[in-house]
Amino acid sequence: MLAYIIRRLLYAIPILVGVNLFTFALFFVVNTPDDMARMQLGVKRVTPEAIEKWKAERGYDKPLVWNGAAAGGAKLTDTIFFSKSVRMFAGDFGRADDGRDIAREIGARMLPSLAIALPTFVLGLFVAISFALLLIFFRATALDFAGVVLCVAMMSISGLFYIIGGQWLVSKVWHLVPISGYSGGLDAAKFLVLPVVIGVIGGIGASTRWYRTIFLEEISRDYVRTARAKGLPERVVLFRHVLRNALIPILTGVVVVIPTLFMGSLLTESFFGIPGLGSYTIDAINAQDFAVVRSMVFIGSVLYIVGLLLTDLSYTLADPRVRLQ
Amino acid sequence: MNGLPVQPVLLWSDALLFVLIAVIVALMLWARRQDALRAAWARVARDGVAMAAATVLGVFILIGLLDSLHYRALLPAQPGAPARYAVEVNSALDALLADLRLRTEKTYSAPLATHLFSREALENSTQREFPRLKHGGAHLGENLSGHGLDIVVRLSRGLAGGLAIWLLLVAVVRLGKSRLPPNLPLEGGGAMMVATGGRAMNVGAGGTASRAVLLTLLVIFLLFGAAVSLGGGYHVFGTDKVGQDVLYLSLKSIRTGLLIGTLTTLVMLPVAVLLGILAGYVGGWVDDLIQYLYTTLSSIPGVLLIAAAVLMMQVVIDTHPDWFATSAERADARLLALCLILGMTSWTGVARLLRGETLKLRELEFVQAAQAFGVGRFAIMRRHILPNLMHIVLISLVMDFSGLVLAEAVLSYVGVGVDPTTISFGTMINTARMELAREPMVWWSLLAAFSFMFALVLAANLFADAVRDAFDPRSSA
């Protein structure tokens with residue numbers, strides 16, 4: 001087991017290197033730092049001095065990958081590639097355009113993101129699986145059909161509509177919770193209820209349909225027929241046999257998401273004014289803060305790779321037949 | 001070109017769209033000769049819900065195509081000067097909707113309103129009042145007592161007109177069915193239906209499928225009649241911040257949605273198919289390399305990758321203003337680049353699926369036999385592997401469409417979507433959401449955008465389900 005984990009972690013290294021090289025190419029080779037400076041300064045204020053100043057402030061005034069002017073090892077280290085890309089492996093993301101340390105900012109913003117994403121994820125999983133089991137229990141009846149129609153209709157509605165509509169109805173018409181904002185401690189609950197509920201409702205259509213397909217596939221298996229032939233009630237068949245056996249395909253899609261919950265949700269956070277990583281990213285995109293976007297891309301990939309590893313490990317917990325070598 | 005009333009303009013996205021349609025038509029002609037494919041399409045054609053959805057999609061595609069015939073109008077002739085064309089690029093849809101496009105108001109007005117939404121200081125009065133609209137309800141004159149009645153009259157006239165056209169269509173279909181020999185395709189059943197195979201249509205003729213199509217057409221004609229009749233005198237969905245008709249904006253958004261939904265898949269398919277098959281069939285270091293490539297790309301969260309790529313694309317476009325002659329061309333280039341970027345993030349899933357399927361196919365007897373006969377690698381991939389993967393390609397094409405239409409709106413909200421001057425559902429929602437805090441609320445732009453998007457995505461989802469059920473060998477019960 002331990003050997004497997006170590007080997008998987010080693011596999012992750014080339015992928016992370018690939019991501020790193022890719023972002024480096026995207027941000028510094030597709031456009032030169034001069035281009036970025038010109039874009040951000042605006043056409044009117046572009047002078048050679050302003051560009052040099054902009055680059056110096058961000059440390060973009062070095063050569064890309066090879067600094068011939070430096071001495072010894074600094075030929076490699078005193079470059080944009082080393083200072084901006086390689087140092088990300090050490091958790092050093094540099095500074096944002098407003099001068100703050102990105103790593104510290106990310107640390108502070110993870111908690112609010114998680115406070116929304118985790119309940120949404122757990123509640124959404126629970127609601128969707130229950131709903132899907134209900135549809136399976138009443139399969140091939142009018143209720144099943146109506147449920148599927150509802151799912152398709154719900155997944156055809158834009159996520160923006162759920163957020164805008166929910167904010168309007170709950171906060172503006174009924175005045176139940178504040179429209180947006182955040183505070184620490186227990187007070188946060190009243191700000192979190194609405195985004196969580198909206199997040200659950202918005203995701204219900206697609207996930208219920210997906211779970212229903214998985215359950216339907218399981219229910220036509222031989223072991224289910226055996227269980228029924230033994231005279232087990234349908235309730236027991238569904239919960240004890242079908243649900244357990246369907247866990248493997250469900251885990252495949254679900255566990256990988258868990259680490260990325262730290263990243264928060266772009267839309268929800270920016271609509272509800274939650275100071276998490278999602279709104280941080282959106283603000284950075286709008287302000288064209290390249291350093292922040294680059295850091296988020298890197299962190300997102302790291303979390304995703306962790307998710308893949310967790311998925312593999314979760315198989316061994318869910319299915320005793322799976323042995324990781 | 002001298003003296004032509006219009007100068008046709010072929011934007012890149014138009015060209016690609018027409019290429020796509022040519023490919024689809026060619027594939028359909030080819031599919032008609034394949035028994036298995038024809039049988040699968042016949043299953044789709046017998047499905048009432050799928051055909052109703054296809055009808056709705058057909059209407060959307062028709063609007064999108066009309067909006068893709070671009071031209072520049074001839075400017076009024078100056079004596080002695082050569083003919084000059086306007087800088088503004090319009091489409092055939094713009095010409096059809098010239099009424100809606102040109103009748104702009106000053107700012108917001110509610111649907112079917114006669115006055116502006118906000119008070120303004122009028123010239124000859126000290127009080128701030130709601131000014132009259134320039135066009136909305138202008139035919140009523142000063143006397144507004146007939147406003148409600150006028151709406152009812154126009155609405156019923158429009159509905160009656162729609163019903164009349166529909167009855168005419170039903171009569172033609174009935175007449176045609178009794179006259180035509182049974183193996184000829186039905187006329188007027190919607191372009192999609194004829195395209196999916198006249199034979200298939202005949203199987204379902206008189207059955208639930210054709211009834212579903214006729215009922216869908218009835219709803220469409222009724223809505224269309226009402227919109228035309230009311231739109232003659234009012235702004236049916238109101239006007240937006242700069243006074244543009246919201247109905248016009250919604251219709252223009254359709255093309256953007258369709259383009260993003262289809263071109264993205266089109267640009268990524270060749271890469272995905274090629275790499276997927278190569279990885280699965282050739283194996284070895286090629287397999288390792290391709291797997292590494294798509295694992296790396298897919299481990300970057302989609303939205304972030306898109307955001308980063310779009311930011312960089314903006315820098316490229318902004319630093320090279322000389323590449324584009326008109327602003328329409330620049331917006332078009334941005335739209336295409338967005339499709340490319342979306343494609344870059346979504347090809348990995350398809351490639352992985354195709355690789356897995358190719359691994360299975362490689363071991364089958366007919367491929368082994370071909371190898372034993374000494375058929376070349378690439379000939380085997382092209383002749384024996386590729387045709388057996390087409391169902392996966394088709395299913396992923398139709399399944400991706402609705403997700404991409406929805407993604408466009410979200411991306412435009414995030415600020416990494418289409419060019420702000422491109423009319424799309426995303427830009428409509430984005431400009432409208434600023435006004436949500438207003439009291440009373442400006443709701444009509446949002447509602448119009450969401451309704452149109454819902455109709456398009458729902459139709460696409462339903463159609464995609466039917467296609468998947470018909471083509472996926474696992475789901476054939």
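Bear in mind that the values in this text are calculations on the coordinates, not laboratory data. Being a predicted model, the structure only gives us computed values, none of them experimental. We place every Cβ from the backbone using ideal geometry, glycine too, and count neighbours over all the protein chains shown.
With the contact rule set at Cα under 8 Å and sequence spacing of 6 or more, what percent relative contact order holds for segment A:182-313? It rounds to 22 percent for segment A:182-313. Per residue of A:160-170, other chain Cβ atoms within 10 Å of the residue Cβ number 4 on average.
Summary: within chain A, the longest segment free of chymotrypsin sites (Phe, Trp or Tyr not before Pro) located in DSSP loops with at most 14 other C-beta atoms within 10 Å is A:175-325. Among the GluC sites (Glu not before Pro) in segment B:56-160, those placed in a DSSP loop whose Cβ has at most 13 other Cβ atoms within 10 Å are B:Glu88, B:Glu123, B:Glu142.
Remark: the Cα gyration tensor places segment A:87-236 in the prolate category, a/c being 1.5 or greater and a/b exceeding b/c. Under 5 Å from the amide H of B:Tyr85 lie the amide H atoms of B:Leu75, each residue being 5 or more positions distant or on a separate chain, with H modelled from the backbone and absent for Pro and chain starts. In this label model, B:Ser145 and B:Leu102 are separated by 3.5 nm, measuring between points 7 Å along each Cα→Cβ vector. Only one residue of A:Gln167, B:Val152, B:Gln371 has its Cα farthest out toward the positive end of the dipole of the protein assembly as shown, where Lys and Arg carry +1 and Asp and Glu -1 on Cβ, and that residue is B:Gln371. Put the Cα centre of segment B:399-477 next to the Cα centre of segment B:90-106 and the gap is 23 Å.
The 3J(HN,Hα) values that the Karplus relation (6.51, -1.76, 1.60; θ = phi - 60°) gives for segment A:171-182 are, in residue order, 8, 8, 8, 8, 6, 7, 10, x, 5, 7, x, 7 Hz. Gly and Pro appear as x.
Please identify every one of the chymotrypsin sites (Phe, Trp or Tyr not before Pro) in segment B:341-444 that sits in a loop by DSSP and has no more than 15 other beta carbons within 10 Å of its own beta carbon. Counting only loop positions with at most 15 other Cβ atoms within 10 Å, the chymotrypsin sites (Phe, Trp or Tyr not before Pro) in segment B:341-444 are B:Phe373.
One Cα centroid belongs to segment B:112-176, the other to segment B:243-279; the line between them spans 35 Å. With a ≥ b ≥ c the root eigenvalues of the C-alpha gyration tensor of chain A, is it rounded (a/c under 1.5), prolate (a/b larger than b/c) or oblate? Judged from the Cα gyration tensor, chain A comes out oblate (a/c at least 1.5, b/c at or above a/b). A run of chain A free of exposed loop cleavage sites, with trypsin sites (Lys or Arg not before Pro) counted only in DSSP states other than H, G, I, E and B and at most 12 other beta carbons within 10 Å, reaches its longest extent at A:101-229.
Relative to the Cα centre, the charge distribution of chain A, modelled as +1 at Lys and Arg Cβ and -1 at Asp and Glu Cβ, gives a dipole magnitude of about 900 debye. For chain A, complete DSSP H runs whose alpha carbons reach 24 Å or more along their own long axis and whose mean Kyte-Doolittle score is 0.5 or higher are A:2-24, A:102-137, A:188-219, A:290-318.
Inter-chain Cβ neighbour count for B:305-311, averaged per residue, equals 6 (cutoff 10 Å, partner chain atoms only). What angle, in degrees between 0 and 90 and rounded to the nearest 10, separates the Cα long axis of helix B:386-414 from the longest principal axis of the Cα atoms of chain B? Helix B:386-414 sits at roughly 30 degrees to that axis. Counting neighbouring Cβ atoms within 10 Å and putting the fewest first, the residues B:Asp35, A:Asp312 line up as B:Asp35, A:Asp312. Applying the Karplus relation 6.51 cos²θ - 1.76 cosθ + 1.60 with θ = phi - 60° to segment B:17-27 yields 3J(HN,Hα) values of 4, 5, 4, 4, 5, 4, 4, 5, 4, 4, 5 Hz, where x marks Gly and Pro. Loop sites here are trypsin sites (Lys or Arg not before Pro) outside DSSP states H, G, I, E and B with no more than 11 other Cβ atoms within 10 Å. The longest part of chain B free of them is B:34-473. Classification of the protein assembly as shown by its C-alpha gyration tensor yields a rounded form. The axis ratio a/c (a ≥ b ≥ c) stays under 1.5.
Shape analysis of segment B:324-418 yields a ratio of the Cα radius of gyration to the Kirkwood radius, Rg/Rh, of 1.18. Counting neighbouring Cβ atoms within 10 Å and putting the fewest first, the residues B:Glu365, B:Glu357 line up as B:Glu365, B:Glu357. Placing +1 on each Lys and Arg Cβ and -1 on each Asp and Glu Cβ, with no other charges, gives segment B:243-371 a dipole about its Cα centre of roughly 200 debye.
The alpha carbon centroids of segment A:70-132 and segment A:239-256 are separated by 30 Å. For the residues of A:150-157, the average number of beta carbons from a partner chain within 10 Å of their own beta carbon is 5. Per-residue Cβ neighbour counts within 10 Å put A:Ser83, B:Ser109, A:Ser156 in the sequence A:Ser83, A:Ser156, B:Ser109, beginning with the fewest. Close amide H partners of B:His115, meaning residues 5 or more places away or on another chain with modelled amide H under 5 Å apart, are B:Leu133. For segment B:51-65, backbone phi angles converted through the Karplus equation (6.51, -1.76, 1.60; θ = phi - 60°) give residue-by-residue couplings of 6, 4, 4, 5, 4, 4, 4, x, 4, 4, 5, 4, 4, x, 5 Hz, Gly and Pro being listed as x. Normalising the average separation of contacting C-alpha pairs (under 8 angstrom, six or more residues apart) by the number of residues puts the relative contact order of chain B at 20 percent.
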